[in-house]
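Visitor: Input: one structure, supplied below.
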Amino acid sequence: MARVCILLMLGLGLLPACVWARVDMAVDLGLQGTVRLERWNPVTVSLHNSAEALQGEVGVRVWRGSEYRKDLHVTTMTRSVQLPHRARKRFTFSIPIASVTHPIEIFFRSHGNVIAEQQLNLREALSAEHIIVGLSRDLGLDFLATAFQRHTRVAYLRVPELPRVWSGYDSVTAVVVKGVSLQRATAAQWRALHQWVLRGGILVVAGDSQYALLQEPRMRQLLPVEVLGLEEVHGLPALASHYGVPVPDVPLVQLRAWLTAGEVLVGTPEAPLLAQRSLGHGRVVFLAADYAAQPLDTWPGQKALWNDILQPSDQVDYGRVFAELGLLDDSHPMMKLLSRPILNYPSHTLLSMILIAYCSSLALIFWWMRRRGGGRRRGWVSVAATVAVASVSAYVFCQERGLRETALLYDLSVMEVFYQNQNQNRNRKHPASANDLYARARGHLGVFSPRGGDLALTFQRPDTILRHTFHRGMGKGYERLNLRLEAETVLDGIKLDPWALRVMSVDSMVPAPLHVQAERHATGITIRVKNRGSVPLQGAAVLYRGRLFALGSIAPDTELFEDLYVSLQSSESQYETAWQALYKARGSRTGKSARYLQEVLLQHYFGEAHLSQVSQTPLLIGWLPAPATLVPAAGTPTIRGMTLVVGYLAPQNL
């Protein structure tokens, strides 16, 4: 019996440590359990290791697509993890949730063994069409759950719980801040919030007795007003007059401020009660009074007030729905590109010259052999030499070199630079710095494999998200993809059969490559553009009031200052389609393949709109002849990249 016990103990000691590991896992889905379909939602995974130290990876597996369309695929997002003894760690992922059909799988594995795993049934999750995040010390936003036609939920978060990447806010309609300091947020949390507002988010800042919180640097950078202090008033006559609903004439405290940017919705520039400013595609709204205190907490006009603040849309975003259903796949830029002759086959002239030279040489040799009558051996040696030379020449000059590579990799990107008028910040003590200038990069990627194989793509930005993917071609694109979220985001597991195509749409936020300032003068606008990147901006131009102003090329670390006079510029092309006018005005001599890339990007972005229809607001465009989404890496195919840079300008007094 003793020998059996000893052998059993020795055998158990030979088992890997991960077999005896105990890791407790807790998963929080969405914002306080609420998700929004057709959006990216946060998932927080908490791990507690009660055994020996472990090294492994935590991951989330999401199913996308449809079995009916035969494009069902699974994307696994993973992060490397080191769990010391008795360690507790939290990890947050942003995941797409298109439907409740398939569950979400969360796992922790070490050395190939799954230590802990959970499945989340999305049919049991709470969903809403609007999610409003409240950063406040009270629950004064609960009335918003019934204030709008579409189903709305309010999630109250603490500052440490805020997302650290912009995609964590993709499901959020608005963020309301009251009585909380944003200076407590980390640099990553602040950057994520700022980028989300630029992309179209709504940040609402309401007043209360702690007015000093709105005088902090981060708040001053975003607010449309400068907060001066507190003042005691009786009632809110401006609010009552604007909405036609009387406000009880009781004493209350509101913030005293003056307008520095944007517009006043209620009140005056010297005493704004409700003001807002545009920030990229989003808005920052200031409310001077405390919505959770009397008399506003029971005011009958509160619903109308918050409708003006949030401006909720009751329309369905059919673009997202159609893209997820695969109805827009055939109009994807990569499909349009591949319908053009992008492969560099030899020209008919070169083929004709080689064929004529080959046939003429053989005819001359046979004529010489017949004329001489003898020397047949020497003649056949000449024939063999001619055939060999012609074969080598055809191999060198007449093949499509892209077909010799593992894959053809295309990166078409549209980079939209968010304009921030520095003139609006002249009176601010903390104006926006160059590091706070961002651009949105939407990448359209295509991987075509003539030979088949496994590929991996490395993205330039770690916060890049995969919006949509599908496959086409004679071969098969396999259904499993792995997105490794480390210092660099890497998409691997792209397995393709010969002659298969994998198409992807990705989205990211990048530092703006351009710093643009614009100001209106009597007969036009003055524009100043600085290239902050490492690649020259080619074919720069400004569209304004149906006119096209060519700016030429801007080298890295170079600034261009130009006065644009509308009355002196011809308007003959204003009824021409925008993409055709810009394609003809590229201003750079590029190869055939580059011209195809530019043509597809212009058609995709502008469609069939005329020049006069897209240039009421000044529009800056240019070309960066480089990929904006992918990183060239050793051992990977050459990236054929082109980036269209677009920036809508908002000159002062325009």
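The values are calculated or read from the model by the stated rules, or taken from the named source; none is laboratory data. Keep in mind the model is a prediction, meaning the values are calculated, not measured. Reconstructed Cβ throughout: ideal geometry from the backbone, glycine too, with neighbour counts over all protein chains shown. Heavy atoms of the whole protein, side chains included, go into the accessibility calculation; ligands, DNA and RNA do not. Shrake-Rupley method; radii C 1.70, N 1.55, O 1.52, S 1.80 Å.
Visitor: Do we find that F143 is open to solvent by less than 40 Å² (accessible area, probe 1.4 Å) and touching a residue at least 24 places away in the same chain (Cβ under 8 Å) in this structure? Can you show your working first?
Guide: Working: open to solvent by less than 40 Å² (accessible area, probe 1.4 Å): no; touching a residue at least 24 places away in the same chain (Cβ under 8 Å): yes.
So F143 does not fit the description; no.
Visitor: Same structure again: Just need a number here: residues in region 421-448 that are open to solvent by less than 40 Å² (accessible area, probe 1.4 Å) and either at pLDDT 90 or above or closer than 30 Å to V600 by Cβ (or both). Working first, answer last.
Guide: Residues of region 421-448 that are open to solvent by less than 40 Å² (accessible area, probe 1.4 Å), as a first pass: 421-423, 425, 428, 432, 436-439, 441, 443-448.
Subset that is either at pLDDT 90 or above or closer than 30 Å to V600 by Cβ (or both): 437-439, 441, 443-448.
Residues that pass the stated criteria total 10.
Visitor: Further, regarding this structure: Among the residues of region 202-209, is there at least one that is more than 25 Å from L252 (Cα to Cα), at pLDDT below 95 and open to solvent by 20 Å² or more (accessible area, probe 1.4 Å)?
Guide: The answer is no; no qualifying residue exists.
Visitor: Just name the residue that is farthest from L620 (Cα to Cα) out of those in region 535-580 that are modelled with pLDDT under 90 and of a type in the set (D, E, K, R).
Guide: E572
Visitor: Residues in region 476-524 that are farther than 16 Å from L455 by Cα, open to solvent by 60 Å² or more (accessible area, probe 1.4 Å) and in a strand (DSSP E or B): how many?
Guide: Matching residues across region 476-524 total 4.
Visitor: Cβ-Cβ distance below 6 Å, separation of 6 or more or different chains: which pairs start in region 92-119 with a residue that is touching a residue at least 12 places away in the same chain (Cβ under 8 Å) and over 22 Å from R164 (Cβ atoms) and end on one that is open to solvent by less than 50 Å² (accessible area, probe 1.4 Å) and of a type in the set (D, E)?
Guide: A98/E324; Q119/E105
Visitor: Can I ask one more? Which of (1) modelled with pLDDT of 90 or more; (2) open to solvent by 50 Å² or more (accessible area, probe 1.4 Å); (3) charged (D, E, K, R) does D314 not meet, given it meets every other one?
Guide: (1)
Visitor: Also: Condition first: open to solvent by 40 Å² or more (accessible area, probe 1.4 Å) and in a strand (DSSP E or B). Now tell me which residues in region 102-114 satisfy that.
Guide: Here is the first cut: in region 102-114, the residues open to solvent by 40 Å² or more (accessible area, probe 1.4 Å) are 102-103, 105, 109, 111-114.
E105, R109, N113, V114 - these are the residues of region 102-114 that are open to solvent by 40 Å² or more (accessible area, probe 1.4 Å) and in a strand (DSSP E or B).
Visitor: Given (1) outside any helix (DSSP H, G or I); (2) within 24 Å of L141 (Cβ to Cβ); (3) open to solvent by 60 Å² or more (accessible area, probe 1.4 Å); (4) touching a strand residue (DSSP E or B) at 6+ places or on another chain (Cβ under 9 Å), identify the lone condition not met by V227.
Guide: The failed condition is (3).
Visitor: Tell me, yes or no, whether region 271-288 has at least one residue that is open to solvent by 40 Å² or more (accessible area, probe 1.4 Å) and under 35 Å from the mean Cα position of the chain (by Cα).
Guide: yes
Visitor: For F397, which of the numbered conditions (1) out of contact with any helix residue (DSSP H, G or I) (no Cβ under 9 Å at 6 or more places or on another chain); (2) among the aromatic types (F, W, Y); (3) at pLDDT below 85 fails to hold?
Guide: (1)
Visitor: Where residues in region 639-654 are surrounded by 13 or more Cβ atoms within 10 Å (Cβ to Cβ) and among the polar types (S, T, N, Q), which of them is modelled with the highest pLDDT?
Guide: Looking at the filtered set, the residue picked out is T643.
Visitor: Determine whether region 201-214 contains at least one residue that is assigned to a helix (DSSP H, G or I), under 30 Å from P103 (Cα atoms) and either of a type outside the set (K, R) or touching a residue at least 12 places away in the same chain (Cβ under 8 Å) (or both).
Guide: no
Visitor: G622 - would you say it is surrounded by fewer than 20 Cβ atoms within 10 Å (Cβ to Cβ) and more than 25 Å from L455 (Cα to Cα)?
Guide: It is false that G622 is surrounded by fewer than 20 Cβ atoms within 10 Å (Cβ to Cβ) and more than 25 Å from L455 (Cα to Cα).
Visitor: Of the numbered conditions (1) part of a strand (DSSP E or B); (2) of a type in the set (A, V, I, L, M); (3) within 20 Å of the chain's Cα centre (by Cα), A188 satisfies every one except a single condition; which is it?
Guide: (1)
Visitor: Does any residue of region 100-109 turn out to be touching a Lys or Arg at 6+ places or on another chain (Cβ under 6 Å) and over 30 Å from L144 (Cβ atoms)?
Guide: Yes: one or more hits.
Visitor: Being buried (at least 19 other Cβ atoms within 10 Å of the Cβ) and at pLDDT below 80 is the filter here, so list the residues in region 587-613 that pass it.
Guide: The answer is L611, and nothing else.
Visitor: Please tell me if R451 is farther than 17 Å from S413 by Cα and not in a strand (DSSP E or B).
Guide: It is true that R451 is farther than 17 Å from S413 by Cα and not in a strand (DSSP E or B).
Visitor: In the set V176, V172, V165, which member is closer than 30 Å to M415 by Cα, open to solvent by less than 20 Å² (accessible area, probe 1.4 Å) and touching a residue at least 60 places away in the same chain (Cβ under 8 Å)?
Guide: On the way: V176 fails: touching a residue at least 60 places away in the same chain (Cβ under 8 Å); V165 fails: open to solvent by less than 20 Å² (accessible area, probe 1.4 Å).
None of the others qualify; the one that does is V172.
Visitor: Suppose the filter is open to solvent by 60 Å² or more (accessible area, probe 1.4 Å) and farther than 20 Å from Q616 by Cβ; does R532 pass it?
Guide: yes
Visitor: When you go through S352, S331 one by one, which is the residue that is under 21 Å from D507 (Cα atoms), at pLDDT 75 or above and loosely packed, with under 13 Cβ neighbours inside 10 Å? Give the steps one after another, and end with the answer.
Guide: On the way: S352 fails: under 21 Å from D507 (Cα atoms).
That would be S331, the only listed residue that is under 21 Å from D507 (Cα atoms), at pLDDT 75 or above and loosely packed, with under 13 Cβ neighbours inside 10 Å.
Visitor: Can you give me the number of residues within region 464-475 that are assigned to a strand (DSSP E or B) and open to solvent by less than 50 Å² (accessible area, probe 1.4 Å)?
Guide: Within region 464-475, residues that are assigned to a strand (DSSP E or B) and open to solvent by less than 50 Å² (accessible area, probe 1.4 Å) number 6.
Visitor: Just give me the residues in region 241-259 being part of a loop (DSSP other than H, G, I, E, B) and either open to solvent by 30 Å² or more (accessible area, probe 1.4 Å) or basic (K, R) (or both), in sequence order.
Guide: G244, V245, P246, P248, D249, V250
Rundown of residues vs (1) in contact (Cβ under 8 Å) with a residue 12 or more places away in the chain; (2) over 17 Å from F148 (Cβ atoms); (3) assigned to a loop (DSSP other than H, G, I, E, B), yes/no style:
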| site | (1), (2), (3) |
| --- | --- |
| A261 | yes, yes, yes |
| P272 | yes, yes, no |
| A275 | yes, yes, no |
| A304 | yes, no, no |
| S313 | no, no, yes |
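Visitor: Take region 117-161 and flag every residue that is farther than 23 Å from Q311 by Cβ and in a loop (DSSP other than H, G, I, E, B).
Guide: Residues satisfying the conditions are N121, A125, R137, D138, L139, R158.
Visitor: Here's something else I'd like to know. Please give the number of the condition Q616 fails out of (1) among the polar types (S, T, N, Q); (2) crowded, with 16+ Cβ neighbours inside 10 Å; (3) at pLDDT below 85.
Guide: (2) is the only condition that Q616 fails.
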